[in-house]
Amino acid sequence: MGISGTYSSGKTITGMALSHYTGIPRTRAKTMREILPEAAPGKALEECTAAELLQMIVVRHVDRAVHESRLWDGFISDGSSLQEWIYGAVRVTVGINPNDSVHLSDLESVEKTPELAFFEEVMAQLGHAFKRHVKATFDAFVHLPNELPLAEDGHRPVNERFRSLSDEHLRATLTELGIPYHVVGGTLPERLRRITEIFDLPVARDVDSAIALAEAEYAAMDVRVETERATASV
């Protein structure tokens, strides 16, 4: 099962909590914030070039696939390879750094430079491969609606237009692939109870305990921006 949704929809904490709540293992692939220091040392995500973004997209897809292959008895995943592909594909409309195009209307796109045109072609081909992988790997998705405010943590060079476009593409792609998905919103306890009800999942512990474990796990993640990492290492 994948937990789908755009930036700041709560995928990670929901996936962690659902795993603790049901006892179903969660995949442990590296997040973009963990890949970034190796892929583009010292850079924030909005400073990355198209080539560096492609590297991180492929690295995370491969890391996902490796971890998924170890859990064929069942797993809960924070997103899927569709996330990385769509986050890249949407940049063809809003730019490599989406914040540079916040002045454009919903019907406008950034200038299609030769670099961006090539990026678009590469993303289209990666999309074919990523969709085949997800179709063969996932049984169902829970899609979290775009109902939470954007987290101000320095890791999300995005805006509401980017989030909305990504959300629309994610839903359309799941429909295209014919993978069942259910939209589940609300508070974290409401999400957990609703998801287990929809899929008739086991319950390993009470909701409050599952959330407490998830919050501790999430707090242990290194979510510093690269400037903070660099300063700490001096």
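What is the set of long-range amide H partners of ILE76 at a cut-off below 5 Å, with H atoms built 1.01 Å from backbone N?
HN-HN under 5 Å from ILE76: ARG26, THR27.
So how much slack lies between ASP139 and PHE118, counting 0.36 nm per residue of separation and subtracting their Cα-Cα distance, in nm?
Numbers: separation 21, 0.36 × 21 = 7.56 nm, distance 3.29 nm.
Computed gain between ASP139 and PHE118 is 4.3 nm.
Leaving out ligands, DNA and RNA, what percent of the accessible area of the chain is carbon and sulfur, probe 1.4 Å?
Working: 6100 of 11150 Å².
Whole-percent figure for carbon plus sulfur exposure: 55.
Is any helix in the chain, taking whole DSSP H runs, at least 30 angstrom long along its axis by alpha carbon and on average at least -1.0 on the Kyte-Doolittle scale, and which ones? Present the calculation step by step, with values, prior to reporting the outcome.
Numbers: long enough: 114-137 (34 Å, -0.08).
Span-like helices here: 114-137.
Could you order the peptides 16-24, 201-209 from most to least packed, using the average number of other C-beta atoms within 10 Å per residue? Intermediate values should be presented prior to the final figure.
On the way: 16-24: 22.1, 201-209: 13.0.
Listed from highest to lowest mean packing, they are 16-24, 201-209.
How would you rank 184-191, 56-63, highest first, on the average number of other Cβ atoms within 10 Å across their residues? Could you put the intermediate results ahead of the total?
Values: 184-191: 15.6, 56-63: 19.1.
The packing order, highest mean first, is 56-63, 184-191.
Could you check what % of the DSSP bridge pairs in the chain are antiparallel, to the nearest 5?
Values: 0 of 9 bridges.
DSSP beta bridges in the chain are roughly 0 percent antiparallel.
Can you list the residues, at least 5 places off or on another chain, whose amide H is less than 5 Å from the amide H of TYR181, using H built in the peptide plane?
PHE141
How would the stretch 2-94 be classified by its alpha-carbon gyration tensor: rounded, prolate or oblate, with rounded meaning a/c under 1.5 and the a/b versus b/c comparison settling the rest?
Details: a/c = 2.06, a/b = 1.77, b/c = 1.16.
Prolate.
Suppose every K and R has +1 on its Cβ and every D and E has -1 on its Cβ; what is the size of the dipole of the chain about the Cα centre, in Debye to the nearest 20? Present the calculation step by step, with values, prior to reporting the outcome.
Numbers: 24 positive and 35 negative charges, 117 e Å.
For this selection, approximately 560 debye.
Please calculate how many Å² of accessible area the chain carries per residue, with a 1.4 Å probe and no DNA, RNA or ligand atoms counted.
Values: 11150 Å² over 234 residues.
That works out to 48 Å² per residue.
Quick one: grab the alpha carbon gyration tensor of the chain, order the square roots of its eigenvalues as a ≥ b ≥ c, and give me rounded if a/c is under 1.5, else prolate or oblate depending on whether a/b is larger than b/c. Please report the intermediate quantities before stating the final value.
Working: a/c = 1.65, a/b = 1.37, b/c = 1.20.
Because a/c hits 1.5 or more and a/b exceeds b/c, the chain counts as prolate.
The values are calculated or read from the model by the stated rules, or taken from the named source; none is laboratory data. Model, not experiment: these values are computed from the prediction. FYI the Cβ positions are ideal-geometry reconstructions off the backbone, even for glycines, and counts take in every protein chain you see. The protein model used for the area step is the full one, side chains on, heavy atoms only, and it has no ligands, DNA or RNA in it. Shrake-Rupley method; radii C 1.70, N 1.55, O 1.52, S 1.80 Å.
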